[in-house]
1. Residue check: is residue 9 buried (at least 17 other Cβ atoms within 10 Å of the Cβ), near the ligand (Cβ under 10 Å from one of its atoms) and under 15 Å from residue 66 (Cβ atoms)?
2. Go through 43, 30, 53 for me and flag whichever is in the same structural domain as residue 90 (by TED's automatic domain parsing), buried (at least 21 other Cβ atoms within 10 Å of the Cβ) and either among the hydrophobic types (A, V, I, L, M, F, W, C) or not in a strand (DSSP E or B) (or both).
3. So, in segment 56-67, of the ones that are surrounded by fewer than 23 Cβ atoms within 10 Å (Cβ to Cβ) and within 12 Å of the ligand (Cβ to nearest atom), which residue ends up nearest to residue 84 (Cα to Cα)?
4. Could you check segment 200-225 and list, in sequence order, the residues that are outside any loop (DSSP other than H, G, I, E, B) and surrounded by fewer than 20 Cβ atoms within 10 Å (Cβ to Cβ)?
5. Counting only residues that are buried (at least 18 other Cβ atoms within 10 Å of the Cβ) and farther than 24 Å from residue 99 by Cα, which one in segment 122-135 is farthest from the ligand (Cβ to nearest atom)?
6. What residue, among those in segment 282-291 that are modelled with pLDDT of 95 or more and not aromatic (Phe, Trp, Tyr), is surrounded by the fewest Cβ atoms within 10 Å (Cβ to Cβ)?
7. Within the bounds of segment 33-43, is there any residue that is under 19 Å from residue 87 (Cα atoms) and within 12 Å of the ligand (Cβ to nearest atom)?
8. So which residues in segment 69-109 are within 18 Å of residue 124 (Cα to Cα) and of a type in the set (Ser, Thr, Tyr), if there are any at all?
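The values are calculated or read from the model by the stated rules, or taken from the named source; none is laboratory data. Here the structure is a predicted model, which is why all the values come from computation and not from measurement. All Cβ positions, even for glycine, are placed from backbone atoms using ideal geometry, and neighbour counts span all protein chains on display.
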Amino acid sequence: MTIRIGVIGTGVMGAGHASMLASQIAGCEVVAVADADEARAKVVAGKVGAARVFSDGKALIGDTGVDAVVVASPDPTHHPLVMECLRQVKPVLCEKPLGTNSTECREIVETEMRSGRRLVQVGFMRRFDPGYEAVKAALTEERHGLPLFLHCIHRNAVAASYTTSEAIILNTAVHEIDAARFLLGEEFVSATVRGTRATRSAPSRTPQFLLLETASGVLVDIEAFVDAQYGYDVRAELVCEKGAMSLAQTHAVRTWSSGTVGNSLYADWMGRFDDAYRRELQAWVQSIRSWKAVGASAWDGYVSTRTAELCLEAYRSRQTVTIDIEERPAFYA
Ligand SMILES: NC(=O)c1ccc[n+]([C@@H]2O[C@H](COP(=O)([O-])OP(=O)(O)OC[C@H]3O[C@@H](n4cnc5c(N)ncnc54)[C@H](O)[C@@H]3O)[C@@H](O)[C@H]2O)c1
């Protein structure tokens, strides 16, 4: 059975997903695309061979020729579009974050549980990155003993001018929050957050530093710096009782010149996580065919947004904030 997919949002992420689904992912075809900017949607439709173009995401979801949906439109559209997918009982891969706040995410969780079927996957693609998977496997087998520290770095070259210090926590650091939860397999219990001084290239926002503690006492620090200028740079190092593991940096090219040797950096996430996106999309399509959910669930989407919200509270208050996540429902076991 070929899964007929509709993609909503044809900007950077949506165009990338549509192209990958159409050319590299087995068992599916892209039959429809939607974008508020219909002209942009038409260009992407032409490239991926999608016959139908919509300017309204809900109309795409309602199309009887669409079996499953990718939501890659801006964050505020995620909740209404995912809710519509649940109403129409259509599997949906929603880009992160699942909602703009935890109330929206919780409503999605409750609605999905009432539907009795796992239909929502959240686009936390790090879970499909071979490096993160290898660290997770080593941790699960306790190859280096118990974890003590997880150091996470998330640097972008540049960010949109409207990006705020708050958005750096809710939209950027949320990736690291989910990755840490995925690796460590437990929730956070407290957060302290500080911004350093603003940089001269982005005076309206401050790079963020988050210090979180997990239920078992692992300390996780996250640097979220979206104006680093020099390139896209994501790192993680896990320190355990008798060993440490760090993500190997993937590089397209190594250069020897002018007395130095260096590795080129990816400009952004599309190159760095190309493999993770491909594996995420293939696993999602396979999960629809097998009815066996994979990747980050709606619950993971809720918890990561709730955790990020409390980090925001810690940033604003300059106090250490308690994180009290409810028990994971059996539905998401
Ligand atoms: N997983 C990741 O690594 C990752 C990376 C970047 C962005 N994202 C997420 O992906 C989403 C899209 O980000 P992007 O960088 O592609 O943004 P973008 O601005 O490049 O593209 C968004 C597209 O959505 C369209 N759009 C706006 N409102 C719409 C609506 N109501 N209905 C349909 N289309 C609408 C816009 O016209 C635009 O074409 C965001 O939620 C973002 O947080 C995820």
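1. The answer is yes for residue 9.
2. The conditions single out 30.
3. This residue is 58.
4. Scanning segment 200-225 gives 202, 209, 211, 213, 219, 221, 223.
5. Checking each candidate, the answer is 135.
6. 286
7. So far as segment 33-43 goes, yes, one or more of its residues are under 19 Å from residue 87 (Cα atoms) and within 12 Å of the ligand (Cβ to nearest atom).
8. If the condition is that a residue be within 18 Å of residue 124 (Cα to Cα) and of a type in the set (Ser, Thr, Tyr), then 73, 77, 100, 102 are the ones that fit.
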